[in-house]
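The values are calculated or read from the model by the stated rules, or taken from the named source; none is laboratory data. Here the structure is a predicted model, which is why all the values come from computation and not from measurement. Here the Cβ positions follow ideal geometry from the backbone for every residue, glycine too, while neighbour counts run over all protein chains shown. Side chains included, ligands, DNA and RNA excluded: accessible areas come from the protein's heavy atoms. Shrake-Rupley method; radii C 1.70, N 1.55, O 1.52, S 1.80 Å.
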Amino acid sequence: APEAECVERVGVSEGKLRKWLLTTNIYLRNASTGGCVEALLRWKEAVDKEFDGLEPCPICYSVVHATSRLLPKLQCRQCANKYHSACLYQWFTKSQKSMCPMCQVPWGTVTSRPRQRQQQQQQQQQQH
């Protein structure tokens, strides 16, 4: 299968570029009959959504899910990260825990640590 690589990085952080390359390679592996063209169109759709201000899923690093083409909608009540339902289901299944992948709080609960939550959100914003 073909694989994407970057020769020159312009105006994009190293971390974001790695995430985009990972996403592109996932799209290339999952491309059906449309092959590379379909994969690149899906990648472009994801990048466009990211420039529109949507955050990627912290599990698969993509705004648009590679197979379902859905946006991350399931939000942790503690850290406010959003996940694709398929990614979160796979995470829960493999880890055998129902905890948020980012803040490790049981899914659907909120702890009473607003200062820690604020620090986590500030750290996440600084990474982007």
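A Förster radius of 30 Å combined with the Cβ-Cβ distance from S98 to L54 puts the calculated FRET efficiency at roughly 0.75. When nucleic acids and ligands are ignored and a 1.4 Å probe is applied, T109 ends up with an accessible area of around 60 Å². A viscosity of 1.567 mPa s and a temperature of 4 °C, combined with the Kirkwood radius over C-alpha pairs in the Stokes-Einstein formula, give the stretch 9-98 a diffusion coefficient of 95 µm²/s.
Measuring with a 1.4 angstrom probe and ignoring ligands and nucleic acids, S98 comes out at about 70 Å² accessible.
In this structure, V37 and A86 have a Cβ-Cβ separation that, at R0 = 25 Å, corresponds to a calculated FRET efficiency of about 0.55. Note on S68 and S13: the model spin-label points, each 7 Å out from Cα along the C-beta direction, lie 2.7 nm apart.
Determine how large the accessible area of E14 is when every protein chain is in place; take a 1.4 Å probe and give Å² rounded to the nearest 10. Solvent-accessible area, nearest 10 Å²: 90 Å².
On full extension, the segment bounded by Q124 and E45 gains 26.1 nm, given 0.36 nm per residue less the C-alpha separation.
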